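Novice: What follows is a structure written as structure tokens; I'll ask about it next.
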Amino acid sequence: MSAIAANPPEQVATSPIALDRTVPKYGGFNVTLLRIELVRILRNKRSMFFTIALPVIFFFMFRAESFASGSGNSAAWTMVSLGLYGAFVANAGTAAGVAVERAQGWSRQLRLTPLSATSYILAKVIVSSTIAVTPLVIMYALGLSFGATAPAGDLVLAFAVSWVGSMLMAAFGLLVGFMMPSENVMQLMGLATTFLAFAGGIFFPQPIFSHGFDLFARWTPMYGVTAMAHAGFTGWTGSWMWLANIAGWAVLLGGGAVFMFRRDTARV
């Protein structure tokens, strides 16, 4: 009898491999994820420079302009506008960085984890809004130090609306970041945020728009948040339209960002 027959191979005990993953609490959303995302953004010094420095430069260029601005002076109107612009740019630019992550394979790497699409988008929006508060604080400090005057309640309202409302552009940045290649997305975001800020009435008060352009501007994503940030100065006429604008774009941009994230990672 051969040696093989005399010594049969050992029977290795096997057990079925579990293919189902246990989804962690809150879909993987946690403080560690937020900290990692925040540190990565803060390391981008070029983005931080343009987010903070550009609104400050614009403020010193335009603060001397005088125009009717409701309960506050024109410097206060400019301060609120440019603080909001910095918050918009911070949110959009930070979120659009997802295009670079895609090029580096980071989004596919995340797909190997139990992190849900909704948790990923929520983490991006929270980190972007945390970055966005920086230009707001700096602009309000500079504005109040250089002649901006307005009732305190109106300024607090403008700050809160600007901070929360600017998250809308985080969803916009994510949507564009998932749709465009990394080498094109930042150029597009620069043009898009400038045009949308102009249409939304950030650089110029909306009453100076022509009738036709004003009708068009009301359908753009920055219009509702900008109008509501200035409402303490200029009144609440048309507030239902602002809210409809914000709600509609939040659903459209947020839903689009979640859809694109799922499609982008579905190939893993």
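The values are calculated or read from the model by the stated rules, or taken from the named source; none is laboratory data. Values in this document were obtained by computation on a predicted structure and should not be read as measured data. As a convention, Cβ positions derive from the backbone with ideal geometry for all residues, glycine included, and neighbour counts pool all protein chains shown. Ligands, DNA and RNA are stripped out before the accessible areas are found, and what is left, the full protein with its side chains, is counted by its heavy atoms. Shrake-Rupley method; radii C 1.70, N 1.55, O 1.52, S 1.80 Å.
Novice: Hey, what's the per residue convex hull volume over the C-alpha atoms of the range 161-221, in cubic angstrom?
Specialist: Values: hull volume 5.7 nm³, N = 61.
Per residue, the Cα convex hull of the range 161-221 comes to 93 Å³.
Novice: Over all distinct alpha-carbon pairs, what is the Kirkwood Rh of the range 119-163 in angstrom?
Specialist: Values: mean 1/r = 0.0849 Å⁻¹.
It works out to 11.8 Å.
Novice: Show me the three semi-axes of the equivalent ellipsoid for the range 185-268, from the C-alpha gyration tensor (sqrt of 5 times each eigenvalue), largest first, rounded to whole Å. List each step's numbers first, then the result.
Specialist: Working: eigenvalues 166, 50, 20 Å².
Over the Cα atoms of the range 185-268, the ellipsoid semi-axes are 29, 16, 10 Å.
Novice: Just F159, F88, F50 to compare: in a GNM of the chain, with alpha carbon springs under 10 Å, which one fluctuates most?
Specialist: Taking springs between Cα atoms under 10 Å, the residue moving most is F50.
Novice: Just to check I understand the Karplus step: with θ = phi - 60° and J = 6.51 cos²θ - 1.76 cosθ + 1.60, what whole-Hz values come out for the range 81-93, glycine and proline as x?
Specialist: Using θ = phi - 60°, the values come out as 4, 6, x, 5, 4, x, 5, 4, 5, 4, 5, 5, x Hz.
Novice: Pick out which of A99, A123, A244 has the largest mean-square fluctuation in a Gaussian network model of the chain, springs linking Cα atoms closer than 10 Å.
Specialist: A244
Novice: Below 15 angstrom from the Cβ of G256, what's the summed charge of the other residues (Lys, Arg +1; Asp, Glu -1)?
Specialist: +2
Novice: At 1.4 Å probe size, with every protein chain present, just tell me what the per residue accessible area of the range 113-268 comes to in Å².
Specialist: Ligands and nucleic acids excluded, the result is 45 Å² per residue.
Novice: Oh, and also: Would you kindly state the longest site-free stretch of the chain, with sites defined as GluC sites (Glu not before Pro) in a DSSP loop (not H, G, I, E, B) surrounded by at most 12 other Cβ atoms within 10 Å? Working shown, then result.
Specialist: Working: sites that count: E10, E65.
In the chain, the maximal stretch lacking such sites is 66-268.
Novice: Also: Take every Cα pair under 8 Å in the chain that's 6+ residues apart, average their separations, divide by the length, and report that relative contact order as a whole percent. Write out the running numbers ahead of the final one.
Specialist: On the way: 354 pairs, mean separation 66.2, N = 268.
Computed over the chain, the figure is 25 percent.
Novice: Next question. If we count trypsin sites (Lys or Arg not before Pro) as exposed when they sit in a DSSP loop and have at most 14 other beta carbons within 10 Å, what is the longest stretch of the chain that avoids them all? Intermediate values should be presented prior to the final figure.
Specialist: Numbers: sites that count: R21, R43, R267.
Looking at the chain, 44-266 is the longest stretch - no exposed trypsin sites (Lys or Arg not before Pro) with at most 14 other Cβ atoms within 10 Å.
Novice: Express the carbon and sulfur contribution to the solvent-accessible surface of the range 142-268 as a percent, rounded to the nearest whole number, probe 1.4 angstrom.
Specialist: Numbers: 4520 of 6110 Å².
Carbon and sulfur atoms account for 74 percent of the accessible area of the range 142-268.
Novice: While we're on this one: Across the range 36-50, in residue order, what do the Karplus-derived ³J(HN,Hα) couplings come to in whole Hz, using 6.51 cos²θ - 1.76 cosθ + 1.60 with θ = phi - 60° and x for Gly and Pro?
Specialist: 4, 5, 5, 5, 4, 5, 5, 6, 7, 5, 5, 5, 5, 4, 6
Novice: Still on this structure, please answer the following. Provide, as a two-decimal number, the C-alpha radius of gyration of the range 73-172 over 2.2 N^0.38 Å, N being how many residues it has.
Specialist: Values: Rg = 16.5 Å, N = 100, 2.2 N^0.38 = 12.7 Å.
For the range 73-172, the normalised Cα radius of gyration comes out at 1.30.
Novice: Rounded to whole Å and ordered largest first, report the semi-axes of the equivalent ellipsoid of the chain derived from its Cα gyration tensor (root of 5λ).
Specialist: On the way: eigenvalues 471, 64, 51 Å².
Working from the Cα gyration tensor, I get semi-axes of 49, 18, 16 Å.
Novice: Along the principal axes of its C-alpha atoms, what lengths does the range 129-268 span, in descending order and rounded to whole Å?
Specialist: 54, 35, 24
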